[in-house]
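All remarks here apply to the structure that follows.
The values are calculated or read from the model by the stated rules, or taken from the named source; none is laboratory data. Nothing here was measured: the structure is a model prediction, and the numbers come from that model. A quick note on method: Cβ atoms are made from the backbone with ideal geometry, for glycine too, and the neighbour counts reach across all protein chains shown. Surface accessibility is based on the protein's heavy atoms, side chains included, excluding ligands, DNA and RNA. Shrake-Rupley method; radii C 1.70, N 1.55, O 1.52, S 1.80 Å.
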Amino acid sequence: MKIIHTSDWHFGMPLGSGSYEDSQRYFLDRLYELIRKEQVEAVLCAGDIYDSSVTNADAIRLFNDAATTLCARLGVKFILIAGNHDSAARLSSCRELLRGSGMYVTGRLERDPEPILLDGGKTAVYSLPYFTRDEVIALFPEDQEQIRSQEDAYQVVCRNIRENMDTRRKNIVMSHAYIVNAELSDSDRSAKVGSATAVSKDVFAGFDYVALGHIHKPQVIAPHIRYSGSPIKYSFGAEESQKKGVVLVDTDTMEQTFVELPLLRDRQSATGTYEELIARTDLQQDYLRLHVTDRYAGLELQADLKERFPYLLELIGKRVDSEEETSSLSVEELESLDETDIMCKFFAECYQYAPSEEEMERFAQALAQTQKEDVQ
């Protein structure tokens, strides 16, 4: 049988004043097409379904649509675990009821996880959601003296599975983990600050396949261990050149194939003069970071460029209020400027200098008078 390994959907991730929902729905449609084409029988999602433990209604609706399509319309088993961004309790609510529809959710680590059997019992999937060392100590108090690190915790958990699994089956582990020396992207913000929780690939010895989530770059860690990566490019830099997709696994042969899926919007950075950039015809539909070499980054330039490039996310330009040669401002930052910030930007763009203390004081007085009149 064939299964799909995916992860890190990050539904609800903010995009300036908008969202990634159109790109995420486009990914889901491509996923459904692949399931039909390859006659896939199960989808494994290795965590970070949501971008936040407190997500918005649109993200919940998007997840509900995906789960309903997978289980009810396509008839595939949908097996998922909570990542560090998910709310384990919310994600796994009604889990026993959902199993009857073919959806298997694991929010919290269990001492003896019950495998989900596929292909008439020939394949077993063990679900290991994101967990901490303290959780493992609570589940395995007899081993607390030897659990001094996250590596030790994984060794205890995986050893327990190996001791109880049926070796006549193909045994698959799905985990949300940071493997030592895995290649990170700028959007792997949690992994970057949580490097102390990294574990070696050796903890997963003895399994036929390990479906990992947490890192956004698709990559092979070992012949039987890999990250599927995120389906969307969520950051600039190294992620711009990455291919995005899912991993197709044949459980009869354990052959793995990374299947690249098209993106609704690519992500790219472009540098040039104002005239050079506005002459480009290949940027209109992509998420953009623009470096304008001959203009100051400010509200007027932002508004101008947004008319031509509606998915502009970051603007880099010259600056005059610092020794630095360039100023980098995200669209979110530009949209959040208050009146004083806007006045300072106006001086920088129009007069190429920062306002003096006297000018700042006069502006503050004028602003206070205006606000007073608005109240009256």
Query - Potential lengthening between Glu359 and Glu38 on full extension [0.36 nm per residue; Cα-Cα distance subtracted] - result: 108.8 nm
Query - Spin-label pair Ser101/Arg148, simplified geometry with 7 Å Cα→Cβ offset, distance in nm - result: 4.8 nm
**Report entry** HN-Hα J in Hz across the range 267-272 - Karplus 6.51, -1.76, 1.60, θ = phi - 60°, x for Gly and Pro
**Finding:** 10, 8, 10, 9, 10, x
Report summary line: When the chain is treated as a Gaussian network with springs between alpha carbons less than 10 Å apart, the largest mean-square fluctuation among Leu91, Leu301, Leu212 is found at Leu301
Query raised in the report: What are the residues whose amide H is under 5 Å from the amide H of Lys77, where those residues sit 5 or more places off or on another chain and H is modelled from the backbone?
Result: Ala42, Val43
Report task. For Lys318, list the aspartates and glutamates whose Cα falls under 12 Å from its own Cα; do not include residues on the same chain fewer than 8 positions away. Result -> Asp294, Glu349
Requested in this report: Any chance you could run the full-extension gain for Ser269 through Asp186? It's 0.36 nm times the residue separation minus the Cα-Cα distance, nm to one decimal.
Outcome: 28.5 nm
**Report entry** Surface share of carbon and sulfur [accessible, 1.4 angstrom probe, percent] for the range 253-319
**Finding:** 46 percent
Report task. May I ask you to compute the full-extension gain from Ala205 to Ala238, defined as 0.36 nm times their residue separation minus their alpha-carbon distance, rounded to one decimal in nm? Result -> 8.9 nm
**Report entry** Expected 222 nm ellipticity per residue - DSSP helices of 4 or more, -39500 (n - 2.57), all of the chain, to 500
**Finding:** -9000 deg cm²/dmol
Query raised in the report: Could you give the dipole magnitude of the range 31-164 about its Cα centre, charging the beta-carbon of Lys and Arg +1 and that of Asp and Glu -1, in debye to the nearest 20?
Result: 480 debye
Query - the range 32-104 shape via C-alpha gyration tensor axes, a/c threshold 1.5 - result: prolate
Report summary line: Largest fluctuation, Asp48, Asp143, Asp188 only, Gaussian network model of the chain with Cα springs under 10 angstrom, belongs to Asp143
Requested in this report: Please say if the range 1-145 is rounded, prolate or oblate, where rounded means a/c under 1.5 for a ≥ b ≥ c the square roots of the C-alpha gyration tensor eigenvalues, and otherwise the choice is prolate for a/b larger than b/c and oblate otherwise?
Outcome: oblate
Query raised in the report: Which net charge results when you count Lys and Arg as +1 and Asp and Glu as -1 among the other residues whose beta-carbon is under 11 Å from that of Ala124?
Result: 0
Requested in this report: Please build a GNM for the chain, connecting alpha carbons under 10 Å apart, and tell me which residue among Val247, Val292, Val125 fluctuates the most.
Outcome: Val292
Query raised in the report: Which value in nm describes the separation of the simple spin-label points at Thr257 and Asn164, placed 7 Å from the Cα toward the beta carbon?
Result: 3.6 nm
**Report entry** Heavy-atom SASA rank of Ile161, Ile137 (probe 1.4 Å, accessible area, largest first)
**Finding:** Ile137, Ile161
Requested in this report: With a 1.4 Å probe and all protein chains in place, put Cys45, Cys71 in order of accessible area, largest first.
Outcome: Cys71, Cys45
Report summary line: Heads up, the chain by the C-alpha gyration tensor (a ≥ b ≥ c square roots of eigenvalues; a/c under 1.5 rounded, else a/b over b/c prolate, else oblate) looks prolate
Query - Carbon/sulfur fraction of accessible area - the range 121-161, other protein chains in place, 1.4 Å, % - result: 46 percent
Report task. Compute the signed sum of charges (Lys and Arg +1, Asp and Glu -1) over the other residues within less than 14 Å, Cβ to Cβ, of Asp58. Result -> -2
Query raised in the report: So what J values fall out for the range 30-37 if you push phi through Karplus, 6.51 cos²θ - 1.76 cosθ + 1.60 with θ = phi - 60°, rounded to Hz, Gly and Pro as x?
Result: 5, 4, 4, 4, 5, 4, 5, 4
Report summary line: Percent antiparallel among DSSP beta bridges confined to the chain, rounded to 5, stands at 35 percent
Report task. Return the tail of the calculated pair distribution for the range 74-171, meaning the percent of Cα-Cα pairs more than 15 Å apart. Result -> 65 percent
Report task. Go through Lys2/Lys77; Lys243/Lys306; Lys122/Lys244; Lys170/Lys217; Lys77/Lys170 and tell me which ones have a Cα-Cα distance over 23 Å in this structure. Result -> Lys243/Lys306; Lys122/Lys244; Lys170/Lys217
Query raised in the report: For the chain, what is the accessible area per residue in Å² when the probe is 1.4 Å?
Result: 47 Å²
Report task. Taking the chain as the reference, fit the longest principal axis to its C-alpha atoms, fit the long axis of helix 339-351 to the helix C-alpha atoms, and give the angle between the two in degrees, 0 to 90, nearest 10. Result -> 60 degrees
